[in-house]
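Engineer: Okay, here's the structure, questions in a sec.
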Amino acid sequence: MTARADSAGTPRVQLFTRASSGLIRELSFGDTVWYGVFSGGALFGFVYLFPSPQYLSPGINIPLMLLLTLLYGVVVYFVYAALGSAMPRAGGDYLYESRSLHPVVGFTVPWACQLLFWLTFPPAGAYVLSTFGLVPIAQAANADGIVSWLVSENGVFVVSAVTVIACWALTISGLHLYRRIQRYVLVPGLVISVLTIIGLTLASFGTNFSRDFDHFQTPALTTQQVAAAAAKAGYHPMGVSLSHTLIWIAVLAAYVPYSMYSAQGLLGEVKGARSLTRLYMSFLTGGVILAVILLALPFLLISHVVGADFLNQYAWAYGAGLIHPAYLPNIGVFLSMLTSNPLVVALVALGFIVGGFAIANVVFVNSARVMMAMGLDGSLPSFFSDVSDRRHTPVKAATLWSVCALGVCAIFSYVPSWFTIVLIGGAIGSVIVVGVTCLAAAVFPYRAPEIFQASPSARYKVGSVPLVTIMGVLGTVMSGALVVVALVNSALGLTSASAQLVLGGAFVTGVIVYAAVRVYRRREGVDTSLAFRYVPPE
Amino acid sequence: MRLKARSRARRPAERSWRLLYATDFHAGDVVLRKFLNAVSVYEADVAVIGGDLTGKRLAPVVKQDGGWRAEVLGREQTAADGRELQAMVRRIRELGQYPVVVTAEEYEELLRDSDAVARRFEAQALLQVEEWLTLAAERLEPLGVPLYVTGGNDDYFSIEAVLDSASYAINADGKVLEIAPGVQMISCGYGNPTPWPCPRDISEEELGSRLEIMASQLSDPGRAIFNLHVPPFGSGLDVCAQLDTSVDPPRPLVGQEINAGSTAVRAVIERYQPAIGLHGHIHESSGIVKVGSTVCINPGSEYGEGVLRSAVVDFAADGRPASWQLLTA
């Protein structure tokens, strides 16, 4: 045995442990960070960065917006690290909100969030995988027929369906297989892609992008045509608009802070999850990698090469429907314009393929665990917590959700107007659940004092006020402001009746399901009131 | 198949009596107190505590320089006076650790002598179990709610004497007891081998023999309760991390899961098909499953967080289980 020394040189008092059974599952620090990076939208996030923001919110500064979003993340990371280290097990928001606030809130809000995730990420992830990944590769291979098919409604649906089926297969195979795929396929693919993007854009400094752009499409769509169309749409160069930059935090706030999301969902399997600082650092590391290295830096470099003004012109011309490119406009396509080397195009596309697939898969992995926690608590029928004896995974629930996801993919593919609603709705749903969890954190020391006192965050106070309360209040206010912005600002697309129907419907179904399950349980003879009774620890 | 409640479609039978079950407290003071309070809060008529009462960590509180030092939640904390010392000790106990107040010399001795540490561990474990049983008698005797307790694979054999001498609680280990009219319960704290040298780890064959001896004495196995610390193998209540046993102590292999339940427990349940199986041992694998017609329950354990995970089973007047659910408090 060895004794550690403190800063004064006195050996630290150490605990003695004895051989006994009962360890928990473990994911490493690195696995946790990378998993968080993928669930926060590694490269997938580019789908939000162009062309809608430039058209709908003129003067937006994307890198600044990402860095400001990271500040929101710093608050949210602490809240989740504090709650996670106090309750280091799977379930995330459901667990925190049901313990600190009320079981109805704990069920309804995460339910709505999970529902919106299912609406959003399988099809959106497949969309990025296809349009940012497969399309540029097909273009580089001069396979025009494949390109046309990929961007067609049928093409979008088939790629989405294949992605969903792949996610389903991976989910029922267990976390072990996913961990290996993440470690040996997703992470290397992402790193190689980002390094290629950085190298490609740096090598393109000073080159003539207009020439590359003009020659990319047949028949040609030229920069002059784009500029003329933008002018016709009313575009004129403008400086940075702070208000328009802040507005879009409401959307990206769902991603950068959510580099901790998957870690929360899987916390029962994270090594060292009882340590607040360890959790906080893993979330923060994931957030910085995501916001700075994977989104802000590549966007900055691409803007420099393509020209920020041209990006704005293109967004305006396309948004106004005055240009009709043969491809769905996105950053991935612009990158493929910078090189005629198919290998380089493929390496760039690889990152979007793995990023798109990973974010679709995160929904399967995390939601299955949250739904399972709800099932075990009796808030959902046992169907959701039914684990396959052979695979040790929730096969039935994963299959049900996969069928639902296929339906959503069909709507997404054949009713394009749903694209923005679903994409933004999913993002705002995340901010709402984060906000409610921040509220749960604010009252955590008072609503669940015995759990708080036993947690690492009990050490941190400002005066007599627990730091988790202060950060919780801060996070609640920030999240609330972001939700209000999203609901009142037409640029974000959530002011329409159909968008609010989707968002409101997700929460209403949560209340209905919760009430229905309680009635069903009561008819089974189960005394559902027991779950809500307070048991004193004295 | 995992279940949350009775799955039969017919109208549920009315509750006649209610059983409250929890397990794997591992020296968690808060969890024990919550359990005793839960008996009245959940309106239970019978209380059962599964095995693994004893803790895994010994926390020296070292007297030094007019104060005391101890590691609490990974950080060294100090107590300047008796009141602060009392708070520190209470805090350590709430974490499921055994606080031992020692001088600097005694602490040095503990660092050098692993046998001395083992003796301290056992002494503290026995002391705490005795305190718990006294508290249980104070709380439950006035309610008239019987309390059945067993050891678990992690528990020292020496706690048997403490359990046997308890004024109110009943040591159920190795016995066939009638806990309600027409409902018998057999209990076993022994477990199949683990990668650790736990006191009550025995071979599957020996475990099977012990279970068979008790089960064969049941008058109506179909209405019986099998209170067996280890869950049945491959039931879904026994999923945990696979361990690398080539290192000491064994290290979990990231992301690799195995079934760690007992084949002997599974075999005896499949053979006798009791009404209810009460299990623990694998803290992270809580749930309710059916093995044949037997409803097997593992409420799991979160003793370190002060969270009581328990199961409530309602029985009809004919002694058959009417409904069941897991609860967290």
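Engineer: For chain A, give the magnitude of the charge dipole about the Cα centre (Cβ charges: +1 Lys/Arg, -1 Asp/Glu; no others), in debye to the nearest 20.
Structural biologist: 1320 debye
Engineer: Within the stretch B:44-74, which residues have the backbone N less than 12 Å from the label spot 7 Å out from B:E84 along Cα→beta-carbon, could you tell me?
Structural biologist: B:64-70
Engineer: Are there any helices in chain B, counted as whole DSSP H runs, that stretch 30 Å or more along their axis by Cα and score at least 0.0 on average by Kyte-Doolittle, and if so which?
Structural biologist: B:114-140
Engineer: How much of the DSSP beta bridge set in the protein assembly as shown is antiparallel, as a percent to the nearest 5?
Structural biologist: Percent antiparallel among DSSP bridges in the protein assembly as shown is about 60.
Engineer: Modelling each spin label as a point 7 Å along the Cα-to-Cβ direction, I'd like the A:A410/B:Q273 distance in nm, to one decimal.
Structural biologist: Here the answer is 4.3 nm between the modelled labels.
Engineer: What is the spin-label model distance, in nm, from B:S40 to B:L143 if the labels are put 7 Å beyond Cα along the C-beta direction?
Structural biologist: For the pair B:S40/B:L143, the computed spacing is 0.8 nm.
Engineer: Over chain B, with a Gaussian network built from C-alpha contacts below 10 Å, which listed residue (B:E43, B:E204, B:E14) shows the highest mean-square fluctuation?
Structural biologist: B:E14
Engineer: I've got another one for you. What does the C-alpha gyration tensor say about the overall shape of the stretch A:462-538? Classify as rounded when a/c is under 1.5, otherwise prolate if a/b is larger than b/c, or oblate.
Structural biologist: oblate
Engineer: Which listed residue (A:P537, A:V508, A:L492) has the Cα farthest towards the positive end of the charge dipole for the stretch A:490-538, taking +1 on Lys and Arg C-beta and -1 on Asp and Glu C-beta about the Cα centre?
Structural biologist: The listed residue farthest towards the positive side: A:V508.
Engineer: Related question: With a 10 Å Cβ neighbour count serving as the proxy for reagent exposure, in which order, fewest first, do B:H279, A:H304, B:H229, A:H236 appear?
Structural biologist: Going from sparsest to densest Cβ surroundings: A:H236, A:H304, B:H229, B:H279.
Engineer: Out of the DSSP beta bridges found with both residues in the stretch B:1-158, what percent are antiparallel (nearest 5)?
Structural biologist: 35 percent
Engineer: Between A:A203 and A:V443, what's the calculated FRET efficiency when r is the beta-carbon distance and R0 is 56 Å? Round to 0.05.
Structural biologist: Plugging the Cβ-Cβ distance into 1/(1 + (r/R0)^6) gives 0.55.
Engineer: How large is the helix-only mean residue ellipticity at 222 nm for chain B, computed as the sum of -39500 (n - 2.57) over DSSP H runs with n ≥ 4, divided by its residue count, in deg cm²/dmol to the nearest 500?
Structural biologist: -8500 deg cm²/dmol, from helical runs alone.
Engineer: Also, quick follow-up: Taking H placed 1.01 Å from N in the peptide plane, check which residues at least 5 places from B:E76 or on another chain put their amide H under 5 Å from its amide H.
Structural biologist: Amide H neighbours of B:E76: none.
Engineer: Do you know the relative contact order of chain A, to the nearest whole percent, from alpha carbon pairs under 8 angstrom that are 6+ apart?
Structural biologist: Reported relative contact order: 32 percent.
Engineer: Roughly what % of DSSP beta bridges within the stretch B:58-118 run antiparallel, to the nearest 5?
Structural biologist: 55 percent
Engineer: On to the next question. As a check on your grasp of the helix formula, calculate [θ] at 222 nm for chain A: sum -39500 (n - 2.57) over DSSP H runs of n ≥ 4, divide by the residue count, round to the nearest 500.
Structural biologist: The per-residue figure over chain A is -21000 deg cm²/dmol.
Engineer: For the stretch B:164-215, what does the alpha-carbon gyration tensor say about shape, rounded, prolate or oblate, given a ≥ b ≥ c as the root eigenvalues, a/c under 1.5 as rounded, and a/b over b/c as prolate?
Structural biologist: oblate
Engineer: Going highest first, how would you order A:134-140, A:339-345, B:132-138, B:222-228 by mean Cβ packing within 10 Å?
Structural biologist: B:222-228, A:134-140, B:132-138, A:339-345
Engineer: Calculate the dipole size of the stretch B:58-118 relative to its Cα centre from +1 charges on Lys and Arg beta carbons and -1 charges on Asp and Glu beta carbons; express the result in debye to the nearest 20.
Structural biologist: 380 debye
Engineer: Estimate the FRET efficiency between A:D144 and A:V403 by the formula 1/(1 + (r/R0)^6), using the beta-carbon distance for r and 25 Å for R0, to the nearest 0.05.
Structural biologist: Step by step, r from the Cβ atoms, then E = 0.15.
Engineer: To continue, here is another question. Could you check the spin-label model distance between A:H236 and A:Q217? Points 7 Å from the Cα along Cα→Cβ, value in nm.
Structural biologist: 2.7 nm
Engineer: Calculate the mean, over all residues of peptide B:52-60, of how many other protein chain Cβ atoms lie within 10 angstrom of the residue's Cβ.
Structural biologist: Across B:52-60, the average partner-chain Cβ count within 10 Å equals 4.
Engineer: Out of residues 5 or more away from B:L228 or on other chains, whose amide H comes under 5 Å of its own, with H placed 1.01 Å from N in the peptide plane?
Structural biologist: It is B:C188, B:L278, by chain and number.
Engineer: Let me ask you something else. What list do you get for A:V104, B:V61, A:V433 if you sort them by fewest beta carbons within 10 Å?
Structural biologist: A:V104, B:V61, A:V433
Engineer: State, to one decimal in nm², a quarter of the convex hull surface area for the C-alpha atoms of chain A, i.e. the direction-averaged projected area.
Structural biologist: Averaged projected area of chain A's Cα convex hull equals 28.3 nm².
Engineer: Please rank A:R12, B:R93, B:R69, fewest neighbouring Cβ atoms within 10 Å first, as an exposure proxy.
Structural biologist: In order of increasing Cβ crowding within 10 Å: A:R12, B:R93, B:R69.
Engineer: How big is D for the stretch A:60-112, in µm² s⁻¹ as a whole number, if Stokes-Einstein is applied with the Kirkwood radius of its Cα pairs at 37 °C and 0.692 mPa s?
Structural biologist: In µm²/s, the coefficient is 261.
Engineer: Let me ask something else about it. Relative to the Cα centre, what is the charge dipole magnitude of the stretch A:381-538, using +1 at the beta carbon of each Lys and Arg, -1 at the beta carbon of each Asp and Glu, and rounding to the nearest 20 debye?
Structural biologist: I would put it at about 140 debye.
Engineer: When a/c reaches 1.5 or more, the comparison of a/b and b/c decides; with that in mind, is chain B rounded, prolate or oblate per its Cα gyration tensor?
Structural biologist: prolate
Engineer: Of the residues B:L207, B:L85, B:L147, which exhibits the maximal mean-square fluctuation in a Gaussian network model of chain B defined by a 10 Å Cα contact cut-off?
Structural biologist: Comparing B:L207, B:L85, B:L147 in the GNM, the peak value goes to B:L85.
Engineer: Using all C-alpha to C-alpha distances in the stretch B:58-118, build P(r) with 10 Å bins and read off the rounded percent in each one.
Structural biologist: With 10 Å bins starting at 0, P(r) equals 24, 55, 21, 0.
Coordinate-derived values only; no laboratory data. Please read all numbers here as calculations on a predicted model, not as lab measurements. For neighbour counting, all protein chains shown are included, and Cβ atoms are generated from backbone atoms with ideal geometry for every residue, glycine included.
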